[in-house]
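Trainee: Encoded as structure tokens, here's the structure I'll be asking about.
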Amino acid sequence: MEKKNIITIDGWSSCGKSTLARQLAEKLGYVYIDSGAMYRAITLYFMRNHVDWTNAGAVHNALENINMHFEFNNSSNRSEIYLNDENVEYVIRDLVIAEKVSEVSTIAEVRKFAVRQQQKMGQKANTVMDGRDIGTTVFPDADLKIFMTADIIIRIKRRFAELVEKNPNITIDEVRANLEMRDYIDSNREVSPLRKAEDAIVLDNSNLTIDEQLEFALKLAEERGLN
Ligand code: DC
């Protein structure tokens, strides 16, 4: 099989990875895969089915019953995630899931399960994938690696604006606590913690517009002949 082009975008929670990844994929005609959505869907399954994720056997059995795939939705213009054939793209964005997803993502067997599927997806099409360990673990030989970061205050404000639309009772302190907790767990876990790959290019978008960050990434893709 011909090797596909892979662009990885890793970074901290809520610094705009998915916005950039989606737009970049659209511009280049690549498939966009949101790896965080996979960890969120697994967390949703565990919560709904009362899986005790501190028990290795229970995790193993639960994973055997999980099927995930992405489908492009023409009306939302997004690739959306399905958990056992149910569209869960919107329920997984809830703060209830965000409270638990980092903990579930520390489990080695969960990571092995997700990484294997991500690697398979990347063999099928030219792909932009975002997450925490995509440039370090999932695709260490990617054609272009971007590591995104932004000021924590800016990230909190961005995520609050997103969540308050759906839940007007949410407070900025809840959002701050969640982001700080996820940043801590994601970068301190034993298995593939969030790290900048040595060959990744840093993109700090604290003071960039969405168009400017896209332009920055497109230029990098062009320089590498990925367009
Ligand atoms: O990108 P996101 O915020 O939707 O990701 C949700 C969580 O999933 C994140 O806090 C950690 C985990 N995650 C991970 O461990 N590895 C990835 N490649 C992507 C996400």
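The values are calculated or read from the model by the stated rules, or taken from the named source; none is laboratory data. Remember, predicted model here, so these are calculated numbers, not experimental data. For neighbour counting, all protein chains shown are included, and Cβ atoms are generated from backbone atoms with ideal geometry for every residue, glycine included. To get the accessible areas, we keep the full protein, side chains included, count just its heavy atoms, and leave off ligands, DNA and RNA. Shrake-Rupley method; radii C 1.70, N 1.55, O 1.52, S 1.80 Å.
Trainee: Report the relative contact order of segment 1-84, percent, no decimals, based on alpha-carbon pairs under 8 angstrom and at least 6 residues apart.
Mentor: Numbers: 55 pairs, mean separation 16.3, N = 84.
Once divided by the residue count of segment 1-84, the mean separation gives 19 percent.
Trainee: I want the antiparallel fraction of DSSP beta bridges within the chain, as a percent rounded to 5. Show your work: numbers first, answer last.
Mentor: Details: 8 of 26 bridges.
Percentage antiparallel, nearest 5: 30.
Trainee: Can you find, among Ala197, Thr137, Ile107, the residue farthest towards the positive end of the dipole of segment 102-227? Put +1 on the C-beta of Lys and Arg, -1 on that of Asp and Glu.
Mentor: Result: Ile107.
Trainee: If you place +1 on the Cβ of every Lys and Arg, -1 on the Cβ of every Asp and Glu, and leave all else neutral, what size is the dipole of segment 99-197 about its Cα centre, to the nearest 20 Debye? Show your work: numbers first, answer last.
Mentor: Working: 18 positive and 16 negative charges, 60 e Å.
Magnitude of the dipole: close to 280 debye.
Trainee: Determine the per residue accessible area of the chain with all protein chains present and a 1.4 angstrom probe, expressed in square angstrom. Working shown, then result.
Mentor: On the way: 11450 Å² over 227 residues.
In whole numbers, the chain has 50 Å² accessible per residue.
Trainee: Can you list residues whose amide H is under 5 Å from Leu144's amide H, if they're 5+ apart or on another chain and H is modeled 1.01 Å from N?
Mentor: Close amide H contacts, sequence-distant or interchain: Ile6, Thr8.
Trainee: Turning to a different aspect of this structure: Once neighbouring chains are kept in place and the probe is 1.4 Å, which whole percent of the accessible area of segment 160-210 is contributed by carbon and sulfur?
Mentor: Numbers: 1700 of 3300 Å².
Solvent-exposed carbon and sulfur of segment 160-210 make up 51 percent of the total.
Trainee: Let me ask another. Dipole of segment 75-127, Cα-centred, from +1 at each Lys and Arg C-beta and -1 at each Asp and Glu C-beta, to the nearest 20 debye?
Mentor: Numbers: 8 positive and 8 negative charges, 79 e Å.
That gives a dipole near 380 debye.
Trainee: Which one, Thr54, Gly11, Tyr82, is farthest towards the positive end of the dipole of segment 9-132 when Lys and Arg carry +1 and Asp and Glu -1 on their Cβ?
Mentor: Value: Gly11.
Trainee: Would segment 38-127 count as rounded, prolate or oblate if I go by the C-alpha gyration tensor, calling it rounded below 1.5 in a/c and otherwise prolate when a/b exceeds b/c, oblate otherwise?
Mentor: Details: a/c = 2.01, a/b = 1.36, b/c = 1.48.
Because a/c hits 1.5 or more and a/b fails to exceed b/c, segment 38-127 counts as oblate.
Trainee: Please state the charge dipole magnitude for the chain, taken about the Cα centre, from unit charges on C-beta atoms (+1 on K and R, -1 on D and E), reported in debye and rounded to the nearest 20. Spell out each step's value before the answer.
Mentor: Working: 29 positive and 36 negative charges, 40 e Å.
For this selection, approximately 200 debye.
Trainee: Could you sort 163-176, 129-142 so that the peptide with the highest average Cβ count within 10 Å comes first and the rest follow in order? Walk me through the numbers on the way to the answer.
Mentor: Numbers: 163-176: 13.1, 129-142: 23.5.
Result, highest mean first: 129-142, 163-176.
Trainee: So how far apart, in nm, are the two label points at Tyr90 and Lys4 if each is 7 Å from Cα heading toward Cβ?
Mentor: 2.8 nm
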